[in-house]
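Structure first, commentary second.
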Amino acid sequence: MAEQAIRHASAVKPITIPVKNDVTPDNMDRVQSISGGVSQPSENVYEIGRLDKVCTDKGILEQSTSITQLEYGKIDTFLQFAGLSAEPSGGLELSDFNSSLTDIYQPGKTEYGGTVEQTLWLPKMSVDSIGIDIADAEARIERTFELSGDKFKVLREANKYLIFKEDDAPTGTSGSYDITLNDPVPVEDPNNTGVYILQLYRIRSGVATELVETTDYTYTNGTNILNIISAQAGDNYRIWYSAGSYGSAGDPFVLNDADECFLKAYSVTVLINDGTHADVELDLLTSLSISATLNRISEAVIGSNEKILRDVETTEVSLSLDGRIKDSTIEEVLMGQAGQSHGIIDPDLFQEVSVTVKIYEDSTKSSFLIGYKMTGLSFSDDSIDFDANAFGTKPITLTGTNLLITESEGNL
């Protein structure tokens, strides 16, 4: 293929780096779309006696990223966004995403398999929402992620390679500690004279701290020595800088041909439970959508030019189900009468239920891959829809605050 004048999707791939945890970066696989944008809040400043503005007051940047990914039965992406190296006992919950930060960077090459021209770097992203969507009974299952932050950088020319290194301070370390960065050598930030390290975090006893140059560390160009002023044994140092190559580590862009290409709706079993009776399988569904939202505050603090406070105030989970009308199976479960042939359905008496979505390797459902479970779901709304000379449909929405994600069927 001749070199393109514009960028093709085959020449880019998102790579994630957990910022605040000792977790190895990973390529994002099966991504179908990724879009990132940045906006600049600003306000014109005027004064009495002048017609034109005096200046412009620029606020902190607002950056957002949307990612659509095919479901392929692996929890890897969720773990990266949660800053975890393995699934916690019992499964992954929304609370695991509360304080995590993830860098996403995307090398842009001349063409597939070509050389890097520039790198898009989105630092310190927080997860705002997670979605699971089965559009129809023959659809490929999709995941969606919405993330936000307040930084947006494009590395190019002499700085076009983003390098991430981590270093663990060995036993006996106390005080001054040197880390050599010579493979590859850092390149000076053209926007900040004398600055070579773009981001540096220390993880000590599970607590992540962003280190400040001069106060916490120094870097000496020429000797390529990063000196940590006050280190301790067991510290994990996570270091970002730009360079003129990837060095001996090579291209981080890796293809995954081992896992499933995609999983389809026929690989799914959906179960609903009233907490008292046996699970009821929902076998007449035509579509399913899960939306989990983490409602965060997004605030700066005095003395900082970024939004430090990103705590989650509330979580919201919405489950939308649609299917053909035959009877009121879901409503009977909401009555707490699953499988009991209950005589009268009354929404005033609806109770909380749980819904489990199990995804298997194929339609035989003999090999479980990944599952999603929502507990404490309450009735939100439903309708019964008929068109002339057509079968009816019955969309229903349930809402809650919990979503469990797991590769262990026993956790469900």
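The values are calculated or read from the model by the stated rules, or taken from the named source; none is laboratory data. Note that the coordinates shown come from a computational prediction; the quantities given were computed from them, not determined experimentally. Don't worry about glycine lacking a Cβ; one is built from the backbone with ideal geometry, like all the others, and counts go over all protein chains shown.
For region 305-314: of the residues being modelled with pLDDT under 85 and of a type outside the set (A, V, I, L, M), which is surrounded by the fewest Cβ atoms within 10 Å (Cβ to Cβ)?
If we take residues in region 305-314 being modelled with pLDDT under 85 and of a type outside the set (A, V, I, L, M), then ASN305 is surrounded by the fewest Cβ atoms within 10 Å (Cβ to Cβ).
May I ask you to list pairs of residues, at least six apart or on different chains, whose Cβ atoms are under 7 Å apart, with the first in region 162-189 being closer than 16 Å to ASN227 by Cβ and the second being of a type in the set (D, E, K, R) and outside any strand (DSSP E or B)?
ALA169/ASP235
With the condition kept exactly as written, say whether any residue in region 297-309 is of a type in the set (A, V, I, L, M, F, W, C) and within 19 Å of LEU404 (Cβ to Cβ). Quick ask: steps written out before the conclusion?
First, the residues of region 297-309 that are of a type in the set (A, V, I, L, M, F, W, C): 297, 300-302, 308-309.
Filter once more, so that each one left must be within 19 Å of LEU404 (Cβ to Cβ): none.
No, that holds for no residue.
Look through region 315-360, keep the residues that are more than 17 Å from ASP279 (Cβ to Cβ) and of a type in the set (A, V, I, L, M, F, W, C), and return whichever of them is modelled with the highest pLDDT.
That would be VAL317.
On the basis of being touching a Gly at 6+ places or on another chain (Cβ under 8 Å) and either under 23 Å from SER320 (Cα atoms) or in contact (Cβ under 8 Å) with a residue 60 or more places away in the chain (or both), does LEU92 make the cut?
no
Restricting attention to region 278-304, which residues are surrounded by 14 or more Cβ atoms within 10 Å (Cβ to Cβ), farther than 29 Å from ARG140 by Cβ and of a type in the set (S, T, N, Q)?
SER298
When the residues of region 261-277 are narrowed to those that are of a type outside the set (S, T, N, Q) and in contact with a helix residue (DSSP H, G or I) (Cβ under 9 Å, 6 or more places away or on another chain), which ends up surrounded by the most Cβ atoms within 10 Å (Cβ to Cβ)?
Initial filter on region 261-277 (of a type outside the set (S, T, N, Q)): 261-266, 268, 270-272, 274-275, 277.
Going one step further and asking which of them are in contact with a helix residue (DSSP H, G or I) (Cβ under 9 Å, 6 or more places away or on another chain), we end up with 272, 274, 277.
Values: ILE272: 23, ASP274: 21, HIS277: 14.
Top of the filtered list is ILE272.
Determine whether region 142-161 contains at least one residue that is modelled with pLDDT under 95, surrounded by fewer than 21 Cβ atoms within 10 Å (Cβ to Cβ) and touching a His at 6+ places or on another chain (Cβ under 8 Å).
no
Given the conditions (1) in contact with a helix residue (DSSP H, G or I) (Cβ under 8 Å, 6 or more places away or on another chain); (2) on the phi < 0 side of the Ramachandran plot, which single one is not true for GLN40?
If we test GLN40 against (1) in contact with a helix residue (DSSP H, G or I) (Cβ under 8 Å, 6 or more places away or on another chain); (2) on the phi < 0 side of the Ramachandran plot, just (1) comes out false.
Please find, among LYS53, LYS74, the residue that is in contact (Cβ under 8 Å) with a residue 24 or more places away in the chain and either part of a strand (DSSP E or B) or surrounded by fewer than 20 Cβ atoms within 10 Å (Cβ to Cβ) (or both). Give the derivation first.
Numbers: LYS53 fails: in contact (Cβ under 8 Å) with a residue 24 or more places away in the chain.
Only one candidate qualifies: LYS74.
Only one residue in GLY49, GLY90, GLY113, GLY108 is farther than 29 Å from ASN159 by Cβ and touching a helix residue (DSSP H, G or I) at 6+ places or on another chain (Cβ under 9 Å), so which one is that?
Going through GLY49, GLY90, GLY113, GLY108 in turn, the sole match is GLY90.
How many residues are of a type outside the set (A, V, I, L, M, F, W, C) and free of Cβ contacts under 8 Å to residues at least 60 places away in the same chain when one looks only at region 381-403?
So the count comes out to 6.
Please go through region 127-158 and give me each residue that is assigned to a strand (DSSP E or B) and touching a Phe, Trp or Tyr at 6+ places or on another chain (Cβ under 8 Å), ordered by number.
Across region 127-158, the qualifying residues are VAL127, SER129, ILE130, GLY131, ILE132, ARG140, PHE145, LEU147, LYS153, VAL154, LEU155.
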